[in-house]
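This report concerns only the one structure given below.
The values are calculated or read from the model by the stated rules, or taken from the named source; none is laboratory data. Predicted model, so just to flag it, every value in this text is computed and none were measured. To get the accessible areas, we keep the full protein, side chains included, count just its heavy atoms, and leave off ligands, DNA and RNA. Shrake-Rupley method; radii C 1.70, N 1.55, O 1.52, S 1.80 Å.
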Amino acid sequence: MATKAMERGFKLILGSQSMARKRILTEMGYNFTVVTADIDEKAIRTEKPEDLVVAIAEAKADEVISKLGGQSQFEQDPEPTILITADTVVVYKGAIREKPISKEEAREFIKGYSGSHGGVVGSVIVSNLKTGVRRGGWDKAEVYFHEIPEKVIDDLIDDAITFKVAGGLTLEHPLISPFIDTVVGGVDTVMGLPKELTEKFINDVL
């Protein structure tokens, strides 16, 4: 079966090993290869979460392009190669939360969401490696929670996935999903890849 990338005459690379981002891009009808970006996200600091997620996704794009041998490797290709990178943070009471670095921090994060809410800011950067054209931006959503029992928090902290996601928060986790009250905004943004922005930027760079 032809995918959207094949039909429209381009190759697609996802610069992320996130299972959620892979799933979202597949749901959008795209076939793609994965090249991960190994960057020190903590070395990139900005005050605003919107600026931070864009800066990190830009850095991921630059790292993937460097890993692939530089943009010049793609300039003579008959069809363009499109690279997608993204980043997500949780904002809780004005503080930016990235991946928890300890069990204590993970517990603090999840307990904070219980009976409360957290904002999610997610970016996407789309780069055309043949032409050098790049587009990017961010989207946001708010997640409201019911009370989360201590036993559920304990079990989440024992799960390695909690330490691989921004704010220790993954909506689709079977332990946390029963305690989600409402999502205001795109679920895809919370999961790591805003579909509408991604589709728009792909069209923009082609």
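Descriptive notes on the structure:
- Built amide H within the under 5 Å cut-off of Leu12, gap 5+: Thr33, Ile82
- For His146, the solvent-accessible surface with a 1.4 Å probe is about 80 Å², rounded to the nearest 10.
- Value of [θ]222 nm, deg cm²/dmol, for the chain, DSSP H segments ≥ 4, -39500 (n - 2.57) each, nearest 500: -9500 deg cm²/dmol
- In sequence order, region 183-191 has phi-based couplings of 10, 9, x, x, 4, 5, 5, 4, 7 Hz under the Karplus curve 6.51 cos²θ - 1.76 cosθ + 1.60, θ = phi - 60°, and Gly or Pro positions carry x.
- Cut-off under 5 Å, modelled amide H: who pairs with Leu175 long-range: none
- 0 to 90° range, to nearest 10: angle between helix 195-205 axis and the chain longest Cα axis: 20 degrees
- Taking 0.36 nm per residue of separation and subtracting the current Cα-Cα distance, fully stretching the chain between Gln76 and Val187 would add 36.1 nm.
- Region 4-205: C-alpha pair distances exceeding 25 Å, %: 37 percent
- Solvent exposure of Phe145, expressed as accessible area, is near 10 Å², computed with a probe of 1.4 Å over the protein chains only.
- Per-residue SASA entry for Met19, accessible area with 1.4 Å probe, Å² rounded to 10: 130 Å²
- Residue-normalised accessible area of the chain, given per residue in Å² at a 1.4 Å probe: 48 Å²
- Across the protein chains, with a 1.4 Å probe defining accessible surface, the residues Arg134, Arg97 rank Arg134, Arg97 from largest area downward.
- Sulfur and carbon atoms: percent of accessible area, the chain [1.4 Å]: 52 percent
- Cα centroid separation - region 1-64 against region 138-181, whole Å: 22 Å
- Using θ = phi - 60° and Karplus 6.51 cos²θ - 1.76 cosθ + 1.60, couplings along region 158-163 (whole Hz; Gly, Pro as x): 7, 9, 4, 4, 4, 8
- Vicinal HN-Hα couplings computed from phi for region 89-102 (Karplus, 6.51 cos²θ - 1.76 cosθ + 1.60; Hz; Gly/Pro x): 10, 9, 10, 10, 6, x, 9, 7, 10, 9, 5, x, 9, 8
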